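Asker: The structure is given below, and queries will be raised subsequently.
The values are calculated or read from the model by the stated rules, or taken from the named source; none is laboratory data. What you are looking at is a predicted structure, and each value in this text was computed from that prediction instead of being measured. Positions of Cβ are backbone-derived with ideal geometry, glycine not excepted, and every protein chain shown enters the neighbour counts.
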């Protein structure tokens, strides 16, 4: 069945270092979404990418959608302690109806001050 | 912060019991989806309701059922609770076209 995989599962960095998480789908996606979940919290929507090869930036965060629309990445430049949390990518299940998502297992980021 | 509210926030139930979780969707959102998130895992899609009708279901047994009301609020019911049902249950609402917003979740513990 359809699968979304993320690597790495965990990443520990020193504050100021960069961080990247990678997301791979077994199927072509109409879009990819990224969420951040703080410890004890709920997933919070960060961004949606739709176009092949799309790159979007939010301050220190850079999101990419692969040319084949089967992979994506999130890169954080110069991490801060506020970046701590688990980052999930998610794609539409099947034909891509709103809200029916398949999530990766997440990458948990720890930042040492 | 998102306008999606869930109740209760925490719940402890005994194996074999039944539970009802509630969700009020964000104003203007006619679609509600429910997810189960086990510890250390990503959210798993349970089902979705669109204008009071079930609109897709994930790989969950029939003892997981739901409802959506005319005001688009929703309930998730789980019968014959099992220990493995212990998880964070997330409600997410979305408009016809647009992004998905999650509530804060209900943490269910089955003992």
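Asker: Would you check if there is a residue in the range A:29-43 being surrounded by fewer than 18 Cβ atoms within 10 Å (Cβ to Cβ), part of a strand (DSSP E or B) and without any contact (Cβ under 8 Å) to a residue 40 or more places away in the chain?
Answerer: no
Asker: Among (1) more than 21 Å from residue A:102 (Cβ to Cβ); (2) within 10 Å of another protein chain (Cβ to nearest Cβ), there is one condition residue B:48 misses while meeting the rest; what is its number?
Answerer: Status for residue B:48: all satisfied but (1).
Asker: Something else: I'd like to check which strands (runs of 3 or more DSSP E) are fully inside the range B:3-43 and have at least 1 residues that are free of Cβ contacts under 8 Å to residues at least 60 places away in the same chain and more than 27 Å from residue A:108 (Cα to Cα). Spell out the reasoning first.
Answerer: Values: elements: B:5-7, B:10-13, B:19-24, B:31-37.
Ranges flagged: B:19-24.
Asker: Given B:8, B:43, which one is within 17 Å of residue A:40 (Cα to Cα), buried (at least 18 other Cβ atoms within 10 Å of the Cβ) and over 10 Å from the mean Cα position of the chain (by Cα)? Walk me through it before giving the result.
Answerer: Working: B:8 fails: buried (at least 18 other Cβ atoms within 10 Å of the Cβ).
Testing whether each residue is within 17 Å of residue A:40 (Cα to Cα), buried (at least 18 other Cβ atoms within 10 Å of the Cβ) and over 10 Å from the mean Cα position of the chain (by Cα) leaves just B:43.
Asker: Now for a separate question. Looking at A:16, A:99, A:91 in this structure, which one is in a loop (DSSP other than H, G, I, E, B) and closer than 22 Å to residue B:32 by Cα?
Answerer: Working: A:16 fails: closer than 22 Å to residue B:32 by Cα; A:91 fails: in a loop (DSSP other than H, G, I, E, B).
Exactly one of A:16, A:99, A:91 is in a loop (DSSP other than H, G, I, E, B) and closer than 22 Å to residue B:32 by Cα, namely A:99.
Asker: Does the range B:85-100 hold any residues that are free of Cβ contacts under 8 Å to residues at least 40 places away in the same chain and surrounded by fewer than 13 Cβ atoms within 10 Å (Cβ to Cβ), and which are they?
Answerer: Answer for the range B:85-100, where residues must be free of Cβ contacts under 8 Å to residues at least 40 places away in the same chain and surrounded by fewer than 13 Cβ atoms within 10 Å (Cβ to Cβ): just B:97.
Asker: Could you check residue A:110 against (1) touching a residue at least 40 places away in the same chain (Cβ under 8 Å); (2) outside any strand (DSSP E or B); (3) surrounded by fewer than 18 Cβ atoms within 10 Å (Cβ to Cβ) and say which number it fails?
Answerer: The single condition residue A:110 does not satisfy is (2).
Asker: Scan the range B:70-84 and tell me whether some residue there is over 14 Å from the mean Cα position of the chain (by Cα), outside any loop (DSSP other than H, G, I, E, B) and at pLDDT below 95.
Answerer: no
Asker: Counting just the residues of the range A:44-68 that are closer than 20 Å to residue A:79 by Cβ and in a loop (DSSP other than H, G, I, E, B), which one comes out nearest to the other protein chains (Cβ to nearest Cβ)? Explain how you work it out, then say what you get.
Answerer: Kept after step one, since they are closer than 20 Å to residue A:79 by Cβ, are these residues of the range A:44-68: A:44, A:46-47, A:55-64.
With in a loop (DSSP other than H, G, I, E, B) added as a condition, the list becomes A:59-60.
Working: A:59: 19, A:60: 21 Å.
Among residues in the range A:44-68 that are closer than 20 Å to residue A:79 by Cβ and in a loop (DSSP other than H, G, I, E, B), the one nearest to the other protein chains (Cβ to nearest Cβ) is A:59.
Asker: Kindly indicate whether residue B:66 is surrounded by 13 or more Cβ atoms within 10 Å (Cβ to Cβ), without any contact (Cβ under 8 Å) to a residue 60 or more places away in the chain and away from every other protein chain (no Cβ under 13 Å). Show your work before the answer.
Answerer: Working: surrounded by 13 or more Cβ atoms within 10 Å (Cβ to Cβ): yes; without any contact (Cβ under 8 Å) to a residue 60 or more places away in the chain: yes; away from every other protein chain (no Cβ under 13 Å): yes.
So residue B:66 passes the test.
Asker: Tell me which of these residue B:60 doesn't satisfy, since it passes every other one: (1) surrounded by fewer than 13 Cβ atoms within 10 Å (Cβ to Cβ); (2) at pLDDT 95 or above; (3) outside any strand (DSSP E or B).
Answerer: For residue B:60, the exception is condition (1).
Asker: While we're looking at this one, here's another question. Inside the range B:85-111, can you point out the residues that are within 17 Å of residue B:21 (Cα to Cα), more than 10 Å from chain A (Cβ to nearest Cβ) and assigned to a loop (DSSP other than H, G, I, E, B)?
Answerer: The one that is within 17 Å of residue B:21 (Cα to Cα), more than 10 Å from chain A (Cβ to nearest Cβ) and assigned to a loop (DSSP other than H, G, I, E, B): B:86.
Asker: Here is a follow-up. In the list B:11, B:21, which residue meets the criterion of being in contact with a strand residue (DSSP E or B) (Cβ under 7 Å, 6 or more places away or on another chain), over 28 Å from residue B:97 (Cβ atoms) and away from every other protein chain (no Cβ under 13 Å)?
Answerer: Numbers: B:21 fails: over 28 Å from residue B:97 (Cβ atoms).
Step by step, each of B:11, B:21 is checked, and only B:11 is in contact with a strand residue (DSSP E or B) (Cβ under 7 Å, 6 or more places away or on another chain), over 28 Å from residue B:97 (Cβ atoms) and away from every other protein chain (no Cβ under 13 Å).
Asker: Please determine, by comparing only the residues of the range A:69-92 that are within 14 Å of chain B (Cβ to nearest Cβ) and surrounded by fewer than 22 Cβ atoms within 10 Å (Cβ to Cβ), which one is modelled with the lowest pLDDT. Steps first, answer last, please.
Answerer: Taking the range A:69-92 and keeping what is within 14 Å of chain B (Cβ to nearest Cβ), we get A:85-92.
Then keep just the ones that are surrounded by fewer than 22 Cβ atoms within 10 Å (Cβ to Cβ); that gives A:85, A:92.
Working: A:85: 98, A:92: 91.
Per the stated criteria, the residue is A:92.
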